[in-house]
1. Run down B:148, B:184, B:156 and say which single residue is touching a strand residue (DSSP E or B) at 6+ places or on another chain (Cβ under 6 Å) and surrounded by fewer than 16 Cβ atoms within 10 Å (Cβ to Cβ).
2. Among the residues of segment B:148-183, write down those that are away from every other protein chain (no Cβ under 14 Å) and within 20 Å of residue B:103 (Cβ to Cβ).
3. Residues in segment A:34-59 that are more than 15 Å from residue A:15 (Cα to Cα) and outside any loop (DSSP other than H, G, I, E, B): how many?
4. Being in contact with a strand residue (DSSP E or B) (Cβ under 9 Å, 6 or more places away or on another chain), assigned to a loop (DSSP other than H, G, I, E, B) and either modelled with pLDDT of 90 or more or facing chain A (nearest Cβ under 8 Å) (or both) is the filter here; which residues of segment B:296-307 pass it?
5. Can you tell me which condition residue B:239 does not meet? The list is (1) surrounded by fewer than 21 Cβ atoms within 10 Å (Cβ to Cβ); (2) within 28 Å of residue B:97 (Cβ to Cβ); (3) more than 19 Å from the chain's Cα centre (by Cα); (4) away from chain A (no Cβ under 12 Å), and all the others hold.
6. Take the residues of segment A:444-453 that are in a helix (DSSP H, G or I) and more than 9 Å from chain B (Cβ to nearest Cβ): which is nearest to residue A:539 (Cα to Cα)?
7. Please work out which one of (1) in contact (Cβ under 8 Å) with a residue 60 or more places away in the chain; (2) within 14 Å of chain B (Cβ to nearest Cβ) is the condition residue A:505 fails and give its number.
8. Please specify each residue of segment B:194-225 satisfying the condition of being closer than 18 Å to residue B:128 by Cβ and more than 12 Å from chain A (Cβ to nearest Cβ).
């Protein structure tokens, strides 16, 4: 059987389909069946197109496996039936069935949160008929984006669902949006622990504590002994509600709170055990090996250089103040949690801390700052910046030096010069004046007319559906143009095909728009004219696109001829 | 030791910056209980305030000494501003409150930023409650950002800030920006803690790989992790003393930064210069589908854009006009700092009027009568053309004009 790139054949067994002999194959991408005589693949079912499989009883005459194909929900389901023909038909079928089941399971996992797909059944279909597999998360992201941007939703419905553009193409120029939505962030653990709950006081003598799952998680993180007690006792020995009730009335809980009720005498086996566990028994006997001297708090004169006349320091011994032990334990536990979250503490760092006294004594703030390396400006042709300013002043004007007599001549003529207006031909003048004046007047009137409010008024008078149509046409044109320019300049055959297709769609859309508009004019006459003017800028862009397209096709064809 | 009552007043030249410190002359704004801003002004023996006023002006000018070497700078900037909206922002040690002051200064910053860097882009991110949220995307439209800043919901403070989440969010967007522009993050941090879901060292590593430069302005105190981030990404870290200092540090971010050695191979960047047209009837613009009567036509795809500078909505070409580029250029060729002329060098042949505004300079004898600490000749000399200017012209030339008027004349 001919395999695609990256495909691996897993199993093959002889099987019949519709009374023709052949072989059924399972690869890592699909289920296929080849005809015996010609060995060509007549049935090829990628795994994401298979909905389910079923088998008939092992004792029946024919051992069959039936596969249901994904299709449109309102159409009849399609099947493919394979009849196993070899001697070990049953075991063959079992193997194929298991392999297929495993593959389908994997796909099912990916489409787990498929409630999304139910909202938009049409979207569901286009996505399913897609060759590439989209994870449900990506589908969710696309749905979200479409929901948030109404314009995009309109565009999507117009173009993709009418088959003009494919889903992939639609999103290929919007990668940025997809990336942005994909970003997820987690909330970190706050230092102030939620485990220190204050009771919400009610009227009377009842005290009420509210617990949420977050608070419970917080309590488990800060008090590992409570977690242990919880795991052991709930739900077998003690009900969860009772557990928490007893927790709040226990000595354990109130031991750290000095406000009010610190004299609880009730004995509670679970939480007394917690108390016992946390009781301080003295500093741990094990010595932490090789603490670097720079951070060793317990290092004393014994393991340091000879004293300089100072009193020996015995304060830094663990476990000296017994009363604060619980609190200190809690803080240490908290610090442990924080340090454990850092991933970059590795073996190499541990070795580095080794007593680099000199490095640790130098404070960056007290040393002179080292100069930042700056790149000197290297404008390749600095003249070009100044050129524009310089050329204006450098133009060598041919200076003509006037001679004295010439200058005297000029002066004479200037003195006797007179403005002779009455020599001008009167008729011509009148016409010229009128022409100029009218033209200026018109231009000013045209310019001052508030075209914008006129346009808005006209547009508002059109029915709502017409307005929506106009808007949709604008969006569709923009979208098609965007796709067109995305593929410019044409470099490969595939992009040429896409561009050809786009130009065709563009021409179609133009025709449709013209029809729509002539209909509008027919019905509403003048009001529709201003709305047509609205599309002037777009029509210029479209003409430009056609022009560029023709040029590009010429260039590309020439290139191909050269190569061939 | 019995010291006789000799008051030894040690006057540094630098001590004249009275407005930099809190009113009592000591360090931070939060150290004072209440401000007596009127104490700064004191009359001299003749009852005139002129001396004090001019000394304040001179100290103002002192802050102008900027870096003016001709080096490579990143002119096309992509900057994300991250605002910490945690509970610490609600503190009132900076008047009226840290958050309100931050937002006011940010508005001014945004206007000035787009004025000085017209082809750059800006985006805003806020962080509160351990999460971060993008208020505006990277764009070159200043009114969009200022509108978002005014929305009341966006100004609420809650919970703890998260350095890592906000930096990750900014990094996500910056990674997609083209490599010929600079990638910067500016963080306005008031809290002393941060609540992160993971290891921030990983984030720092990614920042360095992507050549993103992070600068932080702290409103409370110096925090070691902030200092480390700034050092490793070659940004600047500053802690605010009081309101005026806050504005100064913030505005230091406006001139484009020098490029680090990493990105030296930059090719040609394609930009379009659109044609400006007016039409008889309003037509729709390609970016918003709004009808306008005239606009800018992209030279490549002939589609209409309503305002510049922008990116063509259809073909993606950056559209600028030449004044925008010219405004960016003057950062590359800055006006050299003017040196103050010492009193001794002023003689009868020195110019009596400022070259820029033709106002007469103060007489030397009047200057000599004043408090020695406030003496300055009031003359500032351009090192290239040796013309003298007054303090107002100096500030105007360096802040607004960006060209020395006499140097330009003498180019012939």
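The values are calculated or read from the model by the stated rules, or taken from the named source; none is laboratory data. Just so we're clear, the structure is a prediction, and the values are computed from it rather than from any experiment. Neighbour counts are summed over all protein chains in view; Cβ atoms, including those assigned to glycine, are modelled from backbone coordinates with ideal geometry.
1. Of the residues listed, the single one that is touching a strand residue (DSSP E or B) at 6+ places or on another chain (Cβ under 6 Å) and surrounded by fewer than 16 Cβ atoms within 10 Å (Cβ to Cβ) is B:148.
2. Result: B:148, B:149, B:150, B:151, B:152, B:153, B:154, B:155, B:156, B:157.
3. 10
4. Filtering segment B:296-307 for residues in contact with a strand residue (DSSP E or B) (Cβ under 9 Å, 6 or more places away or on another chain) gives B:296-300, B:303-307.
Checking which are assigned to a loop (DSSP other than H, G, I, E, B) leaves us with B:298-300, B:303, B:306-307.
Across segment B:296-307, the qualifying residues are B:298, B:299, B:300, B:303.
5. Of (1) surrounded by fewer than 21 Cβ atoms within 10 Å (Cβ to Cβ); (2) within 28 Å of residue B:97 (Cβ to Cβ); (3) more than 19 Å from the chain's Cα centre (by Cα); (4) away from chain A (no Cβ under 12 Å), only one is false for residue B:239: (3).
6. A:453
7. Going through the list (1) in contact (Cβ under 8 Å) with a residue 60 or more places away in the chain; (2) within 14 Å of chain B (Cβ to nearest Cβ), residue A:505 breaks only (2).
8. Residues satisfying the conditions are B:216, B:217, B:218, B:219, B:220, B:223.
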